[in-house]
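S.K.: Here you go, one structure.
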Amino acid sequence: MSKTIAIKSHDGGTFSGYLAVPASGSGPGLVVLQEIFGVNGHIRAVADRWAEEGYVALAPDLFWRLKPGVELGFSPEEVKTAREYGQRFDAENGVRDIGASIAALKSEPAFKGKVGAIGYCMGGRLALLAAARLGIDAAVSYYGTRMEGFLDEAKSIRCPIMFHFGGKDPAVPPESREKIRAAFSSHDDAEFYVYADAGHAFNNDRRESFDPFAAQLARSRSIGLLRRALGPRYDLSALWDHHADQEFKYRDVDATMATMTPDAYVNHIPTLTGGYGFDELRRFYKNHFIPRLPKDTKVVPVARTLGPDRVVDEVLFCFTHDREMDFMTPGIAPTGKYVEVPLVAIIEFRGDKLYNEHIYWDQASMLMQLGVLDPKGLPVAGIDTARKLKGEPVPSNALMRSSKNSEGKK
């Protein structure tokens, strides 16, 4: 759900903006501020991703005064050209154009509620200026460059603001980061994060500098700030429970798939089972997961942790092994034995839809309970892992032969 819109500038010109609308049809506004490469395929994909999170995302063409429609890639020649545009860019007119973009965003029927700004590289600097001058409700700056000359404007910022930096970013060295941090020392709602092993542009998955771990963590933190300041707010716990009900209670494949994004995936880590993408995942659920759940399958909750875009569940997965379980015990004929397995599920959401599930369990201890793994000489505990998780008095360190050597020692 995207389109290009025309935006009227303060001085009579017109420039374009890429607008992405969430599947719900409406939401808070988020201005996506470009890198020096223009509103290219990467920035449009970034706007699309933020729309998935429930925002009406607008990426305005801020280079239009230099050349409308700049779209550069990342070859050495294009990087050189992009830097030239960045040097020639007039930040003062740029901020005014962001103000015009916000006005255009607010006039869109899909816009509801508040508006924030998120920027990358050059856009990271502009996010700071938008927060200082344009009265927005939240700002996020990714590896903003050349911000030192504008730090006196920090005192004008009243909204929540977040900064992300790569620890190995030569464009924003440690001394620059510390000046930025110091300028916001009296701001009650400013957050700073440094990703030690990341460089510049660590969020750009089309460049060699992309760091998936830093990008994911920064995104989760940004979602947390934006949800708090702008909305929309989703009950992830209830959404996960609803999804699990479709799997385990109603055993409805299509209803299960309806809770997930079109590109969702499931990865059962111990057995490498699951699926990537709608078609593969539906085939997995229909043929290898839902019909292969034992009749008495029960999920006993132990603990739940909620984040801005994910749920972490610690549970006991209990069942009688009355059938071959393709997803958990592939190739093992039914043993008829009762099993209790400690299991951890990490579920990531995009907006109100599940994007992925990472599921972990102790495969060796489960196979021991099924009687198909000889535990002799192996550090495997069997059902005692479940009993200890439930708080039963199972001794610690029983598998450590050296444990007796430290008895009586401090």
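The values are calculated or read from the model by the stated rules, or taken from the named source; none is laboratory data. Treat the numbers as computed from the prediction; the structure is a model and nothing was measured. As a convention, Cβ positions derive from the backbone with ideal geometry for all residues, glycine included, and neighbour counts pool all protein chains shown. Surface accessibility is based on the protein's heavy atoms, side chains included, excluding ligands, DNA and RNA. Shrake-Rupley method; radii C 1.70, N 1.55, O 1.52, S 1.80 Å.
S.K.: Taking just the alpha carbons, could you work out the radius of gyration and Dmax for the stretch 7-70, both in angstroms?
M.R.: Just the Cα atoms of the stretch 7-70 yield Rg and Dmax of 12.1, 36 Å.
S.K.: To the nearest 0.05, what FRET efficiency results for A196 and K409 with a Förster distance of 41 Å applied to their C-beta separation?
M.R.: 0.70
S.K.: Further, regarding this structure: In the calculated pair distance distribution of the stretch 149-228, what percentage of Cα-Cα distances lie above 20 Å?
M.R.: Details: 1183 of 3160 pairs.
Summing the P(r) tail past 20 Å for the stretch 149-228 gives 37 percent.
S.K.: Just need the relative contact order of the stretch 1-117 here, percent rounded to a whole number, with Cα pairs under 8 Å and 6+ apart.
M.R.: 33
S.K.: I've got another one for you. Placing one identical point scatterer on every Cα of the stretch 306-410 and ignoring solvent, what is log10 I(q)/I(0) from the Debye formula at q = 0.16, 0.19, 0.21, 0.23 Å⁻¹?
M.R.: Here log10 of I(q) over I(0) equals -0.85, -1.02, -1.11, -1.21.
S.K.: Quick one: accessible surface of I118, probe radius 1.4 Å, all protein chains present, in square angstrom to the nearest 10.
M.R.: I118 has an accessible surface of roughly 0 Å² with all protein chains in place.
S.K.: Have a look at the stretch 50-170 and give its Rg and Dmax from the Cα atoms, expressed in angstrom.
M.R.: Rg and Dmax of the stretch 50-170, Cα atoms, are 14.7, 42 Å.
S.K.: Here's another thing I want to ask about it. With charges set only on the Cβ (+1 for Lys and Arg, -1 for Asp and Glu), what does the dipole of the chain come to about its Cα centre, in debye to the nearest 20?
M.R.: The calculation lands at about 500 debye.
S.K.: Next up: In debye, nearest 20, what is the charge dipole magnitude of the stretch 70-118 about its Cα centre with +1 on Lys and Arg Cβ and -1 on Asp and Glu Cβ, if you could check?
M.R.: With Lys and Arg at +1 and Asp and Glu at -1, about 320 debye.
S.K.: What per residue convex hull volume, in Å³, do the alpha-carbon atoms of the stretch 106-156 yield?
M.R.: That works out to 77 Å³ per residue.
S.K.: Rounded to the nearest 0.05, what FRET efficiency do K249 and K8 have when you use their Cβ-Cβ distance and R0 = 45 Å?
M.R.: The formula returns an efficiency of 0.25 here.
S.K.: Given the convex hull of the Cα atoms of the stretch 244-344, what is a quarter of its surface area in nm²?
M.R.: Values: hull surface 26.0 nm².
Mean shadow area of the hull around the Cα atoms is 6.5 nm².
S.K.: So, one more: DSSP loop trypsin sites (Lys or Arg not before Pro) in the stretch 126-179 with at most 16 other Cβ atoms within 10 Å of their Cβ, which ones?
M.R.: Answer by residue number: R146, R158, K168.
S.K.: Starting from the Cα of K295, draw a straight line to each of the aspartates and glutamates and keep only those under 14 Å, dropping any in the same chain fewer than 8 residues away.
M.R.: E247, D322, E324
S.K.: How many angstrom lie between the Cα centre of the stretch 12-30 and the Cα centre of the stretch 321-387?
M.R.: If we compute the Cα centre of each part, the gap is 46 Å.
S.K.: Heavy atoms only, 1.4 Å probe, whole protein assembly: order T305, T256 by accessible area, highest first.
M.R.: Listed by decreasing accessible area, they come as T305, T256.
S.K.: Separate question: For every other residue with a beta carbon closer than 14 angstrom to the beta carbon of I161, add +1 if it is Lys or Arg and -1 if Asp or Glu, then tell me the sum.
M.R.: After counting each charged neighbour, the total is +2.
S.K.: Check the straight Cα-Cα distances from K114 and name the lysines below 20 Å, setting aside those fewer than 8 residues away within the same chain.
M.R.: The reachable lysines, counting only those whose Cα sits under 20 Å from K114, are K106.
S.K.: Another question, then. Sorting F150, F163 by accessible area (1.4 Å probe), largest first, what list results?
M.R.: Ranking F150, F163 by accessible area, largest first, yields F150, F163.
S.K.: Taking 8 Å as the Cα distance limit and 6 or more residues as the minimum spacing, I'd like the relative contact order of the stretch 123-230 as a percentage. Intermediate values should be presented prior to the final figure.
M.R.: Numbers: 176 pairs, mean separation 26.3, N = 108.
The value is 24 percent.
S.K.: Using only the alpha carbon atoms of the stretch 349-410, find the Kirkwood hydrodynamic radius as the inverse mean reciprocal pair distance, in angstroms to one decimal.
M.R.: Kirkwood hydrodynamic radius for the stretch 349-410: 14.6 Å.
S.K.: By how many nm would the segment from R387 to K337 grow when fully extended, if each residue of separation counts as 0.36 nm and the alpha-carbon distance is taken off?
M.R.: 16.3 nm
S.K.: Largest first and in whole Å, give the semi-axes of the stretch 23-106's equivalent ellipsoid, each being the square root of 5 times a Cα gyration tensor eigenvalue.
M.R.: Computed over the stretch 23-106, the values are 24, 16, 8 Å.
S.K.: Fully extended, how many nm does the chain gain between S24 and R49 (0.36 nm per residue separation, minus their Cα-Cα distance)? Could you put the intermediate results ahead of the total?
M.R.: Values: separation 25, 0.36 × 25 = 9.00 nm, distance 1.40 nm.
Taking S24 through R49 to full extension adds about 7.6 nm, to one decimal.
S.K.: Just tell me, in residue order, which DSSP H segments of the chain are both 20 angstrom or longer along the helix axis (alpha-carbon based) and at least -1.0 in mean Kyte-Doolittle hydropathy.
M.R.: 91-106, 212-230
S.K.: Along the Cα-to-C-beta direction of D263, a point sits 7 Å from the Cα; which residues of the stretch 316-359 have their amide N less than 17 Å from that point?
M.R.: 348-357
S.K.: If I compute percent of Cα pairs over 38 Å apart from the structure I just sent, which labelled value in (1) 31; (2) 20; (3) 35 lines up?
M.R.: Label (3) holds the value from this structure.
S.K.: So which residue, out of V39, V372, V339, gets the largest mean-square fluctuation from a GNM of the chain using Cα contacts under 10 Å as springs?
M.R.: V372
S.K.: If the cut-off is a Cα-Cα distance under 23 Å, which lysines reach K298, setting aside same-chain residues fewer than 8 apart in sequence?
M.R.: Reachable lysines: K249, K286, K337, K388, K390.
S.K.: Nearest 500 deg cm²/dmol is fine: what mean residue ellipticity at 222 nm does the chain get from its DSSP H runs of n ≥ 4 alone, each adding -39,500 (n - 2.57), divided by its residue count?
M.R.: On the way: 11 runs with 117 residues, N = 410.
It lands at -8500 deg cm²/dmol.
S.K.: Over the stretch 134-173, what percent of the accessible surface lies on carbon and sulfur atoms, probe 1.4 Å?
M.R.: Values: 770 of 1490 Å².
Ligands and nucleic acids excluded, carbon and sulfur give 52 percent.
S.K.: Compute the distance in nm between two label points, each set 7 Å from the Cα along the Cα-to-Cβ direction, one at V300 and one at F210.
M.R.: Using points 7 Å along Cα→Cβ, the separation is 4.3 nm.
S.K.: Place +1 on the Cβ of every Lys and Arg and -1 on the Cβ of every Asp and Glu in the chain, take the dipole about the Cα centre, and give the residue among I383, V21, S237 whose Cα lies farthest towards its positive end.
M.R.: I383
S.K.: Quick one: which residues, 5+ away or cross-chain, put their amide H under 5 Å from the amide H of R310? H built at 1.01 Å from N.
M.R.: Those lying under 5 Å, H to H, from R310 are F349.
S.K.: Now for a separate question. How large is the dipole of the stretch 2-67 about the Cα centre if only Lys and Arg carry +1 and Asp and Glu carry -1, each at its Cβ, rounded to the nearest 20 debye? Display every interim value, and only then the final one.
M.R.: On the way: 6 positive and 6 negative charges, 42 e Å.
The dipole magnitude comes to about 200 debye.
S.K.: So how long is each side of the stretch 269-315 along the principal axes, counting just the alpha-carbon atoms, biggest first, in Å?
M.R.: Result for the stretch 269-315: principal-axis Cα extents of 30, 29, 17 Å.
S.K.: OK, next. Of the peptides 313-320, 243-250, how do they stack up when ordered by the mean number of other Cβ atoms within 10 Å, highest first?
M.R.: The peptides rank, most packed first, as 313-320, 243-250.
S.K.: Have a look at F202, G277, F184 and report the one farthest towards the positive end of the charge dipole of the stretch 173-300, computed about the Cα centre with Cβ charges (Lys/Arg +1, Asp/Glu -1).
M.R.: Towards the positive end, the residue furthest out is G277.
S.K.: Taking only the alpha-carbon positions of the stretch 239-297 and ignoring solvent, what does the Debye formula give for the base-10 log of I(q)/I(0) at q = 0.21 Å⁻¹?
M.R.: -0.80
S.K.: Let me check something: with ligands and nucleic acids excluded, how do K376, K112, K404 order by accessible area (1.4 Å probe), largest to smallest? Could you put the intermediate results ahead of the total?
M.R.: Working: K376 175, K112 115, K404 155 Å².
Ranked list, largest accessible area first: K376, K404, K112.
S.K.: Additional query: For the stretch 112-168, what does the relative contact order come out to in percent, with C-alpha contacts under 8 Å and a separation of six or more?
M.R.: Relative contact order for the stretch 112-168 comes out at 35 percent.
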